1. I'd like the Kirkwood hydrodynamic radius of the range 1199-1269, using the inverse of the mean 1/r over distinct C-alpha pairs, in Å.
2. Net charge around residue 1027, counting only other residues with Cβ within less than 12 Å of its Cβ (Lys, Arg = +1; Asp, Glu = -1)?
3. Based on alpha-carbon atoms only, what is the radius of gyration of the range 275-428 relative to the globular estimate 2.2 N^0.38 Å?
4. Output needed: percent of Cα pairs per 10 Å distance bin for the range 407-511, bins running from 0 to the one holding the longest distance.
5. What is the range 375-453 by shape, rounded, prolate or oblate, if you read a ≥ b ≥ c off the alpha carbon gyration tensor as root eigenvalues and call it rounded for a/c under 1.5, prolate for a/b larger than b/c, and oblate otherwise?
6. 5 Å is the cut-off here: which amide hydrogens, built 1.01 Å from N in the peptide plane, fall below it relative to residue 328, excluding neighbours closer than 5 in sequence?
7. For the range 1117-1179, report the translational diffusion coefficient in µm²/s to the nearest whole number, using Stokes-Einstein at 10 °C, 1.306 mPa s, and a Kirkwood Rh over Cα pairs.
8. Determine the share of the range 703-765's accessible area contributed by carbon and sulfur atoms, expressed in whole percent, with a 1.4 angstrom probe.
Amino acid sequence: MEVVLADALLARCGDPCALLRAVCAPLSAERAEALRLLLQRLAAGGPPGAGEAEALRRAAWEVALERCRPLLRGGEAAAGGAERLRLARAARGALRHCVQLCGAPLAARLARDALAELAAGGGPGAEAAVEALVAAAPRLEEPALVEQCVVAALALLREEGEGEPAALVAARLLPALGGNGAALRRVWEGLVGGGGCGAPPRAARALLALSALGEALFGAAALDARLCPRFWRVVQEGLTERDALCRKRGRYLLQRAVDAAASQRAELRCPPRGGDESSLFWWSVEKNEKLLQFWETYILIMETLEGNQIHVIKPVLPKLNSLYEHAISGKKGCWLFHPSWHMCIYKRMFESENKTLTKEGILHFLELYETKHLPNSLEFLEFVIGPLMDALSESSLYSRTPGQLMGACPPLGLRLQKFLTTYLMLLPDEEKGSFLLKFIQKMASRHWCAVPILFLSMALAYIPACKILGTDGLHALRDVLQCTMITHQILLRGAAQCYLLQTAMHLTDVEKVSLPDVASFLMSLRPEESLRRDTMLWMELCSWLQVNDRFFRKSVKCDFECKEMSSLCLYVRSLVGEYLKTPVSERENCFMPDWFEAKLVATMILLAADVEEMRNKYSGKSNIEWIELKAFLNPLLDVLMKLGSNAYIPTLKTDKSLQLLLKLLQTRSLKCSNPQDDGVLIFIWKSLMTPVESILEFVLRRLTTNELSTVGDLDRCDLYLALIPEVVNLCLQVSWKKVPSIKNFIFSLTNASIRNLQKTNCEEEPKLKEQIKKVASMASLTVVCEVMNQKPEVHLESLPSVDALKKFISFSQYNQVLKKPSYVEEKSSLCEEPTSQGWGKIVARYVHDQWICLRFILTKFHTAEPVLEDKLLELSSSTVERLTKILQAALEALTILPSDHVLPVFDSMKVLVPKLLDSAEFLCIEAFDLAWKIISSLSNTQLIFWSNLKAFVQFIFATEVLAVAASAKGQAYAKIKEIIFKLIDMSTTRTGVFNIVISHCCRSWIFSTFDDRSAFKNTFLNAGNYCELITEACVFGTVFRRDQSTNRDDHYVRVCAIKFLCLLDGSNILHKMFMEDIVIKLLDKDELVSRSRTRYYANSLQHRIKNRIWQTLLVLLPKLDQNFLCETLNKVFQAGFVNNQASVKYFIEWIIILSLHKYPYFLNKFWDCFCYDEEKLKTSICTFLSVLSHFDIIIQNTSEKKPALKKALIVVLQWCFNHNFSVRLYALIALKKIWGMCKMLHVEEFEALTPVIESSLQQVENMHGAGNARRNWQRIQDHFFFATFHPLRDYSLETIFYTLPRLSELAEDEWISLCKFDRFTDIPLPATFQWYHSRTELLDLKPSDWSQQDMGSNLVETDSQTEWTDVQKKIIPWKNSTPSSDLELVFQDRAAKLGKSNSRLIVVASLIDKPTNLGGLCRTSEIFGASALVVSSLHYVQDKQFQHLSVSAEQWLPLIEVKPSQLVDYLQQKKTEGYTIIGVEQTAKSFDLTEYCFPEKSLLLLGNEHEGIPANLIHHLDVCVEIPQQGIIRSLNVHVSGALLIWEYTRQQVIKQKQQK
């Protein structure tokens, strides 16, 4: 119509130039659109006369320069909003038509002006300049000007940022230049990075520009993008971009290229980069169909991956195999299609936000390379090192499959092992080493979590032995070891270290590495975590060293080389000699040497000795002379023998020798339970016995004289003190002849240390030497106390010095600190260089040592007084006063000591608090609070946390502390209970906290460790007083995500509590009262959970708590007596009335069955449960009917079975005719059981009912048809609870905690296997415990045994024309996915351009306010072609939830904004346009959806989610339509309702169209 009007206007007007000028002034949006239309018609018209043409050109020139260009410079964001946008859009169109009228001169003028503006710096005018170039580009003729435009366009495209000019250049200017034959080649070279045009733009912008140039890229004689490798690299980069739009453009270009090749049917091959590489793209006329099939499959896979939904993508994965079959030439053994195309698919899967998809992609890739022997390719190698290893860094991918036992290797770990082995074996020998080195270096190049590094290390260790790693590989493995140290998960860290050592042994080429290289690698392993002597790994290392001894690369020359001596022995001899050498320049260096060297030398000595022992055993020698070991030790023994007599040995040498001595003495034997059987260890010990007196004399001199005088000497003091217990242990292990020397040493050390500490300093400024001497003396007393405590067999308490020690400690000032000395006189000494210890640390250590000594005195000499009639004798006032002062000092110590020094204070308070709870309760409560404050402030990743927590638990939950607090029932008792719940709360975030508490309490309560002198003989009283601890332990455990739960195991707490309950004896009155209290508390907790408003869904925390409650009650049930059970059975029945999850129902039913079986006279109470009204029974009747299905067990102990059967039959029959199908099924299964019992016992009272019952059962058995009824009847009969489960024979811990949760499909982390009952706690079950294992028949069942299985799921796929029928095709044809080159088109225009047909249906959703519902409706409306969707606000389009559901449908569907307050007017307007207003509402006159015929012009009004359609709008409706329903719930989600009606409308319209045709 607009065109007709424009042509009429031009025909009526004689002067078009005057018409143009008239329209231009003033230029509003409407006038600008009219101007554009007039210019369009003038440019499209025939050529005018010469004079008229010149006038028209001048007018167009004037319009372009004076009207359009200034208008564009104003910018589209100026005031006016949408109006301004219309104005600018019309001006752009008018400018293009002006250039068409004026030709090359105007194009050149516009181009020069625009280039000048861009050269001046762009700014706001840059967009206008680009628009001018877009209009001018097709008509440019000057080569130089064309070149300048291309260079400017590419420069803009390369600019960083997301500015509008760059987007305009890519989307419009470059295509416009591409339409100019002279510029196309230059544009192309600039985009793909060739021809000296500088670096290409980044992929996103290059793809945008290439997509816009799509029409000119394929098939042109001058340019064919398919022949350019750089073009394909850009496409591949686009296919794997994280931005969805870039991926879409990459697919579009690929689709266009394939479509062009298929239609042209010409020979085509893109030249490869290297001689052996396959081409990135090629086409052959002979293989046209196969090539087309390959690329269609490939594009379809890439499209499907966009859905990110695993159920959609999983059926596609097998199609990847067909791609490989097409891509590999069997005859040549090479790639027909470049492997990088396959890598694009996997990279997309690896980078998916859906972790399940990522895992599937990794598993498929690993399995593929294992099953298909793919040709070698550099692309694959780089992909493995890059994207694959990046994807493998995600810990959650390594989860176990359901049913896998804890500790089993997950599927991904197994696949990784097989893949790495297969891939490495397929590589050429010359490439294996470089690949493996890159693989290991990648492991060390980033921070890995503990789980991925463990399974990668495991995969390396499983590679078959081959010599491919050199020194660089060994160093790379050492770097990986350093990475493992980052994690605080010690077990995973240690396992990774073991696997990496095995990798080094299997894969190292020993001819390329030296023994120092090996030793340096071994030092990166921690002995306490992995490489410990006499472990299997140690023996494997010894064997490896022995076998390869002659092949290591030589690294040292020794003066004592011998042909018969092994390389390892030569190296160790040299190592020991070099270690004990002291450079002259360092003779007086007072700093301690690093421990690394001592650790290295000691480890290598032990390795060489064990290798020598292994070699002698293999050669058959029985008497080993230990020649080499003696040679290793002799240099050390020479130094040690001189320590006591030669005071001039260099300090460095004494330090090194004692460090090495300590490392050797700390060696323990794990292999031999008796150390005397360890030949190497015994020889070392016997050798080291010789210099014992010399060592003790040296240590005594150094500790008691003035030789330790600097802060740096404190490290040396620690070395001497660490030697003392080791030397004592050495003497006790080898020979008691040295014990007198030990006693003399202890006697002298104790007396000298006490004298040093008793010296008073008269000077105001103490000297450093004196203060260091006191620190060393107090540390010496600490070691003396610990030796006496740990080695009572030496009887050191009999020494006279011990009494002096007791008096000194008892009457010393507590928390005595050392004043900071003056450093004036020491500043000139080298020893006062910066040290690791500040004075505050020294003082803390000094106070800590005081408390160690005080703890020893308190525990050894201040135990409880004798008892009389289970009561403590009253302590004397002086004793109470002294103990109070000590406790006050302990509180002070807790405030001044750092957290890693408080252990002895906790231990001391454990002795003090029980004695003072009566007399100084407030002080004891303060001790509780302060101790808790320290514990709660620590992080559980700190090593000191666990030791401090154990000490805290032993203090707070000491038997005496709990008993005294409970007897008084005062504030201390309340405080302890408060701490219990604080610890439980802490356990939810810190795994293992509750474990320590429950383990300590259960052991101390059930296994009393107190002798007859104890005041608290019956420790089980504490269990009753603090039963909350056991109650909470029985239900403990939090719900975690899958990636968290792999690293947590909270079963220990429950296992500990359950085993504690299993040990209780029902005949013990205390045990009986305790169990009854626990049962009541658990039933109350179940009722509380049931009443809570928290949503109760499967595997939720509420579900799990209820499940744990009933598991515990089932364990306790056999121990409860009749009277108590009679009182509590009503609560059990009431729990059955609650709407429970399946697993909880089974436990409740089981408890009811066992209770009725044991006490049949409870049946009357059970029959009462069926007397409630149907409303109460509707959610629970199936529970009670399930109980009746085991009626044979219930009446097993009843003598009068017939009356019970009669009652059961009457009850069941009334439910067999219930309207609810599920209830009827449960009733029929019970009826079948009861009726079978009646027939067996020949109950004659029911002869009249026999035909009815028999026919009912026969009818249900013979149900025919394909409906659900027959299947469900078969399913319920096959269900484990009715078919296999036996309530008596299956009563066991395994059934309760493992089998039943598994069969009821409870989450896997709720299954507690029997091995945990043995492994997780020290509490043993009695040997007579019977209820342990499930029956094999039940244990072998699977959760799916009772459910219907779909057939044909494993059928082999056949290649046919319908090979994609099992895959969801969410594909847009490339012709419809063409990125529009005309940005002027709005969404609706784009839809029309694509040929999309819209219906006459309007969906009004203004009353809906949830973005999710609106997003879903938008998607549904667009798919079924609705003409418009009406919403209350267009702002919803920006909502993330809306966009997530709409998946860009809003871009293709007209959206109209109508506020709810404007709906009445809008509906009236649509009525006048002929629309029928249809409401989705249930009213008295509603039409059934299946019967209603929709008019073509229909307006569908949807109601609000909660209130439906308001009353004020109901009378505006022409008709109401409702959806027929069969269920109980009477409302559907509004999006679902709308979708049903939209589909029904569409279905009817499609039928009408077919009928018309």
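The values are calculated or read from the model by the stated rules, or taken from the named source; none is laboratory data. All values derive from a computational prediction rather than experimental measurement. Counting neighbours? That spans all protein chains shown, and the Cβs are built from the backbone with ideal geometry, glycine included. Heavy atoms of the whole protein, side chains included, go into the accessibility calculation; ligands, DNA and RNA do not. Shrake-Rupley method; radii C 1.70, N 1.55, O 1.52, S 1.80 Å.
1. For the range 1199-1269, inverting the mean 1/r across all distinct Cα pairs yields 12.9 Å.
2. Spelling it out: positives minus negatives among the neighbours equals -2.
3. 1.09
4. 16, 51, 29, 4
5. On the way: a/c = 2.46, a/b = 1.63, b/c = 1.51.
It is prolate, given that a/c is not under 1.5 and a/b is the larger ratio.
6. 336
7. Values: Rh = 12.4 Å.
Rounded, D is 129 µm²/s.
8. Accessible surface attributable to carbon and sulfur in the range 703-765 totals 49 percent.
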